[in-house]
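FYI, it's all coordinate maths here, none of it is from the lab. A quick note: this is a predicted structure, and the numbers were derived from the prediction, not measured. All Cβ positions, glycine included, derive from the backbone under ideal geometry; neighbour counts span all protein chains shown.
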Amino acid sequence: MANTPQAKKRIRRNARRAEVNGARIGRIRTLVKKVEAALGAGDKSAATAALSAAQPELARGVAKGVLHKNTASRKLSRLTKRVSALG
């Protein structure tokens, strides 16, 4: 159990950050799923629109430290490749 005031504050702060970061990761996952759903339906215009919505959110996740830079880059690259492969 935390004894010092600093440790108690850290516990409070970590809980708040975990909540914010969890929401951010959930938003990223939702946007990626929208791209994948559009890909599954074969709708290129919807997939392109969903990808353009997911791209800045992935970048924001990297900037905020909830995603590793290479992870976001890999996800974006694979999604872009699949979207461009649609006829």
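Points to keep in mind about this one:
- Of all lysines in the structure, not one has an alpha carbon short of 19 Å from that of K8, not counting any fewer than 8 places away in one chain.
- When the Cα positions of V62, A23, A7 are compared along the charge dipole of the chain, A7 comes out farthest toward the positive end, with charges on each C-beta of Lys, Arg, Asp and Glu.
- Matching label, percent of Cα pairs over 21 Å apart computed from the structure shown, candidates (i) 42; (ii) 23; (iii) 58: (i)
- Taking amide H as placed 1.01 Å from N in the peptide plane, the amide H of L86 sits under 5 Å from none that are at least 5 places away or on another chain.
- Degrees separating the helix 44-64 axis from the principal Cα axis of the chain, which is the longest one: 20 degrees
- Counted residue by residue at 0.36 nm each, then reduced by the alpha carbon distance between them, the extension gain from K69 to T4 reaches 19.9 nm.
- The angle between the Cα long axis of helix 5-41 and the main principal axis of the chain comes to about 10°, on a 0 to 90 degree scale.
- Put a plus charge on the Cβ of each Lys and Arg, a minus charge on the Cβ of each Asp and Glu, and nothing anywhere else: the dipole of the chain about its Cα centre is then about 540 debye.
- Two-site label geometry, R13 and K33: point separation in nm, points 7 Å out along Cα→Cβ: 3.3 nm
- Degrees, to the nearest 10: 69-85 long Cα axis against longest axis of the chain: 20 degrees
- Based on DSSP H segments of at least four residues, each scored -39500 (n - 2.57), the chain has a per-residue ellipticity at 222 nm of -30500 deg cm²/dmol.
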